[in-house]
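Below: the structure, in C-alpha cells.
Every number in this text was worked out from the coordinates using simple rules, so none of it is lab data. Everything numeric in this text was worked out from a predicted model, so none of it was measured. Here the Cβ positions follow ideal geometry from the backbone for every residue, glycine too, while neighbour counts run over all protein chains shown.
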Amino acid sequence: MKKLFLLPLLFIALFANAQAKYQAALTDALAKMEASKNAEEMQNAANQLTRIANAEPKEWLPNYYAAYAHINLTFLLKDEDQRDQTLDKAQVFLDRALKLQPKESELYVLQGYLHQARLVISPMMRGMKYSGLASAALEKATQLNPNNPRAYFLLGQNAFNTPKMFGGGADAAKPILAKAKEKYAAYKPASSLLPNWGESRALALLAKCQ
Amino acid sequence: MKTATLLSLLLLLSAFTGHAQTQLQGSVKDAAGQPVIGANVFLKGLYDGASTDEEGLFQFSTKETGAQTLVVSFLGYTTVEKQVNLNQEIPALSITLKADQRQLQAVVISAGAFEASDEKRSALLNSRDIVTTAGASADIMGAINTLPGTQKVGEEGKLFVRGGDSYETKTFIDGLQVATPYNSTVPDVPSRGRFSPFLFSGMAFSSGGYSAEFGQALSSALLLQSQDLPEETQTGISLMTIGGSLSRTKRWENTSLAVSAEYMNLRPYMSLVRQRQDWKHMPETKSGSVVFRHKTSPTGMLKFYGTYANSQLALNQQDVNHPEGPIAVALRNQNVFFNSTYEETYKEHWTLQTGMTFTHNQDHLAAGETKVYAGSNTWNGKTVLIGDIGHAVTLRTGLESQLRGYRQNYLENPTSAVRKGVVDEQNVAAFAEADVYLGDKLVARPGLRWERSYFLQKNALSPRLAVAYQVSAEGQVSFAYGHFYQTPENDYLKYHTPLSFEKAKHYILNYQRTFGKRTLRVEGYYKNYQHLIRYNATELKDATDLNNGGHGYARGVEFFFRDQQTIKMGDYWISYSYLDSKRLYKGYPVAATPGFASAHNLSLVYKQMINPIKTYVGTTFSYTSGRPFHNPNLEGFQQSRTKNLFDLSLSASYLTTLKGHATILHVACNNLLGIDNVYGYRFAANPGPDGQYASLPVVPGAKRFALVALLVSINDAKK
C-alpha cells in the first residue's frame, strides 16, 4: 500500500526537478539579459532564452522572454533590415506565447513594445501606423489587467513620442506616466520570474516631463 | 524493501547532476570563411547550448547522452542541423552557414519598378506621399504622374507611360485587374482614379519589364496593395469645397468593418470660380463603399471591398465641325465594383493567394442627337501559389481567368437605326516565375506567361526576364526584358473582324544608388511595338479595313533623384523623362509621334514640415515640352508642337485638433501662376471657304483649381 502513496511523490519529484531546472535556467538567462551592455551580450542572452523557449513549448514565460530579449536587441543594432528581421523573430515567440496564454495582459504589453520598436526604425514613415497599433495593444493590456504598470509606462512613452500636433508630447504623457509610477509602486510580482521591468525607465521619462 | 528502492530512485534523480558531461566545441563560419558572431548553437529540444564568440567559436557541455541533433542558427542564414552521438568523444566541429538570400535581400530588381510602401524602407514612395503631393489632388494617378516614365496629358488625367496610350496601362488591386480604374468622363474633362489612396498601404508602379504574373498591359502596370486590419475604431468626417464624406470603421480583435458614404458636387465651386466650359450639370457623384477584413489565422487574411458609384455631368461643348453652336453633351455613369481576396501561408514556406473581382459599368452618353449606351460586366479570378524552395529560390505560379461581356447601343440620330456592338470575351492565363539568388550579389527572375483569348481564338506566350546585380555597397544595376500582349479594345473587337493581340517588347537597363536617405536612379529603355490596331480612315467609323498592321517604337532615358536627408523635416524629388517615340496605328497615314507623347517631362516635388505652425507644405513644379498635334493646313502629319506646358501647384495641410479630435485643414491650388496651357488643337474635318481648316484649342476647364478640405477623425479609444 505504501508504495501507492509514494508513486505520486515520485512524479512530483520528477516534475519538481524539471521545474527547478527550468526556473534555474530562466533565472540565469534573465540575469544575463539584465547585465547586457552591447549587442553581442544581448544576442547571447536572446540565444539562451531562445533555447529555453524551444525546449519548453508549453510554457508561455520563456517565449515571452525570448521575444522581449529580441526586441531589446533591436535597440542595440544599427542595421535597419537586421532590426526588422529580429523583430520578425520576436513576433514568432510572442505569437506562440499568445497562443498558450491568450488573456495575459503582459503579452499585450509586449506586443505594444514590439510595435514601438518597429516604429523607431523609421518614425517618419511608420509613425502613424505603429503608434496606433501600439496604443491598441496597450489599451487591451490595461483592459486585461488594469494594474499592469508596464502598460501605462508604454502608453506614456507612446504619448511622449507622438508629435504635439497629433495630441502627444510631454504634457499629454505626464498624467499617464504618473499613473504608471503609482502602479509600479503597488506592483508585486507573484513570482520572481514574472515580468518586472520598466520602472526606472518610466521614472526617468516622467522626470523629463516635469 | 520496495519502498527503499523507490526512495533511492528519487535520490538518484536529484543527484542526476553528478552525471558525466560531454564537451562540444567548434567554429561557425559563413560561406566566405568569415566567422559568424552570435550564432545560436544548441541541442535540439534542450537548454544546452552556447553562442559563438568574436572568432565564431563555441563551447558547451551537456549531461545528455546518445544520439542528439545539434542546431546552428543565425539571422539571415539557413539553419543547419547535425547529428551527434554523445556517447562518444566528439572532435571539434566546423560548421558553415549559408546565407539565406531571401532573408538578406541585399539585391532587388529595380528595373522598371517603382515601389511605394508604408512598410518597406526600400520603397521610394509611400501612400502618404501620394496624398501630400501638390498638384495631384489626392489622386493616385496624379501622384504617379510625378514619377519618371510618365507623360502628362492634362485633358485626360490618365496614365500615359513611355510613349504608350492610356489603355496600355492596367491597374491591379491585390493582384487582380481592375476593369474601370478611372471614373467615366467626356472628352476634355479629365478623369480621376476611382480609388482613394487611403485604401492602400502600398503601391508599385512599373513602367515596364514587369513580372509574368501580370498580363494584358502593353506598357505599364500599377499595382495597389490594400490595407490590412485598420488600427482603431473611428469615425471620419471630411468636408470639402466640392463635397463631403462620412465613414465609420469598427475594429474587433481579428475583424474590421468600414462603411463610408460620399457625395461630390462641383456646382458650388464652379459657380464661384469662372469656368471656360458652359456647364449644364456640374459633375456630381454619389458613392458608397464597404470594406471588410478578417484575420482567419495568424497568417491568414480574408478581404472584401465593395463600392457603388453613380455620377453625372452635362455641358455644352464647342465643336469645330459644328459652327452653328455648341453641342449638348451629357453623361450618366453607374459603377459597381467588388474585390475579394484570401491569403494563407502553409508551413511557413507556401503562400496561397486567391481572389475574385466583379465590375459592372454603365455609361449613358448623349452628344447632340447621338445617343450611346455602353455597358460591361467583368469577372476576374486568380490563384497564385508562392513557395520557397531551398534557400535561394522563390517560385510564383498561378492561374488567371477573365470573363467579360460588353454591350454597346449606338444611335446616330433619332431617325437612324440602332447599331449594336457585342463583345463576349474569355481570357485565361497561366504563369510561372522564380526569383533565383545566385550568390549574395546576383538575382535573376526568369518567367513565362501563357495566355489565350477565346474571342480572338489566339494564344500568346510571353517570356520575361529580370536580373539585378549589386555593383557596390550602395549601387546596383538591373536589366529587364519581356514580351507583353494585350487584347485590342472593345471599340475594335465589336466589329468582329479577325484580329490578333497587340504586342510590345521591352528592354530596360537601370542603375540605382541608395546612400543614406537619398536615392538616385537612371534608367534607359527601348520598347518595340508590333501588331498595333490600324484602320484606313481618319475616323474609325469611316474605316473599311481594320487590322493589326500597326507598329512603333519608344525609347528614352529617365532620371530620378530623391533626397530626404539634406533638408531637416523636408523632402524633395526630381524626375525627368526623355522620350522619343513614333507609331503607325489607328488612322495614322505614316508613322508619327502621337499627341500624348511629349519629348521632355520634368517634375520637381518639394515637401516641408514647418513645426512652429504645425503645417505640412508641398509644392510641385512640372514642365512638359510642346505636345505634338496634326495641323492639316501644313504639309506632313503630326508636324506641329504646342507651346511648352508649365504648372506650379501648392498645397498646405494644417494639423490640429478640433474638440480633441485629430483634424487636418487642407488647402491646395493647381497652376498657381495662371499659365495658359494649351494641350493641343482640334481641326475641322473639312476646310472653310478660305481653304483653311478651322481649329479650336484644347484647354483646361479653368485656369486654376483650388480646394479646401477639412478632415476630422474621431477616435473611440482617445475620448
Of the GluC sites (Glu not before Pro) in the stretch B:226-282, those whose Cβ has at most 15 other Cβ within 10 Å and which sit in DSSP loop: B:E253
Where labels lie 7 Å past Cα in the beta-carbon direction, separation of B:Y469 and B:E344 in nm: 4.3
FRET efficiency estimate (nearest 0.05) - Cβ-Cβ, B:H496 to B:S297, R0 56 angstrom: 0.70
Virtual paramagnetic centre 7 Å along Cα→Cβ of A:L194, amide N under 19 Å, in the stretch A:85-114: A:97-111
For residues of A:35-45, the mean tally of beta carbons on other chains within 10 Å: 2
Contour excess over end-to-end distance, with Cα ends at B:N409 and B:Q692 and 0.36 nm allotted per residue: 98.3 nm
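For the stretch A:14-102, what is the relative contact order in percent, using Cα pairs closer than 8 Å and at least 6 residues apart in sequence?
Result for the stretch A:14-102 is 25 percent.
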Exercise: per-residue mean of other protein chain Cβ atoms within 10 Å, A:124-135: 4
Three-way shape label, the stretch B:113-715, alpha-carbon gyration tensor, a/c 1.5: rounded
The stretch B:200-284: chymotrypsin sites (Phe, Trp or Tyr not before Pro) in DSSP loop, at most 16 other beta carbons within 10 Å: B:W252
Length-normalised contact order for the stretch B:549-623 - Cα pairs under 8 Å, 6+ apart - percent: 28
Value at 222 nm in deg cm²/dmol, rounded to 500, when DSSP H runs of n ≥ 4 in chain A each add -39,500 (n - 2.57): -27000 deg cm²/dmol
Tilt relative to chain B, helix B:2-14 - C-alpha long axis, 0 to 90 degrees, to 10: 60
Candidate lysines - alpha carbon under 24 Å from B:K643, same-chain residues fewer than 8 apart omitted: B:K152, B:K158, B:K582, B:K703
FRET efficiency estimate (nearest 0.05) - Cβ-Cβ, A:Q19 to B:E89, R0 25 angstrom: 0.15
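Starting from the stretch B:405-459, pick out the trypsin sites (Lys or Arg not before Pro) whose DSSP state is loop and whose Cβ has at most 15 other Cβ atoms within 10 Å.
Taking the stretch B:405-459 and a limit of 15 other Cβ atoms within 10 Å, the loop trypsin sites (Lys or Arg not before Pro) found are B:K441.
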Gain in span if fully extended, B:N528 to B:R274, counting 0.36 nm per residue against the direct Cα distance: 87.0 nm
Separation in nanometres of the label points that stand 7 Å from Cα toward Cβ, at B:L438 and B:N377: 4.9
Stretch gain in nm, segment A:K99-A:A186, where the contour uses 0.36 nm per residue and the Cα spacing is subtracted: 28.4 nm
Mean ellipticity per residue at 222 nm, deg cm²/dmol - from DSSP H runs of n ≥ 4 across chain B, formula -39500 (n - 2.57): -1000 deg cm²/dmol
Average Cα contact separation per residue, chain B, under 8 Å, 6 or more apart, as relative contact order %: 10
Förster radius 35 Å - calculated FRET efficiency between B:T79 and B:R518 (Cβ-Cβ, nearest 0.05): 0.45
Cα→Cβ-extended label distance, 7 Å offset, between B:A685 and B:A261, nm: 4.6
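Just how large is the dipole of the protein assembly as shown about the Cα centre, in debye to the nearest 20, putting +1 at every Lys and Arg Cβ and -1 at every Asp and Glu Cβ?
Magnitude of the dipole: close to 1460 debye.
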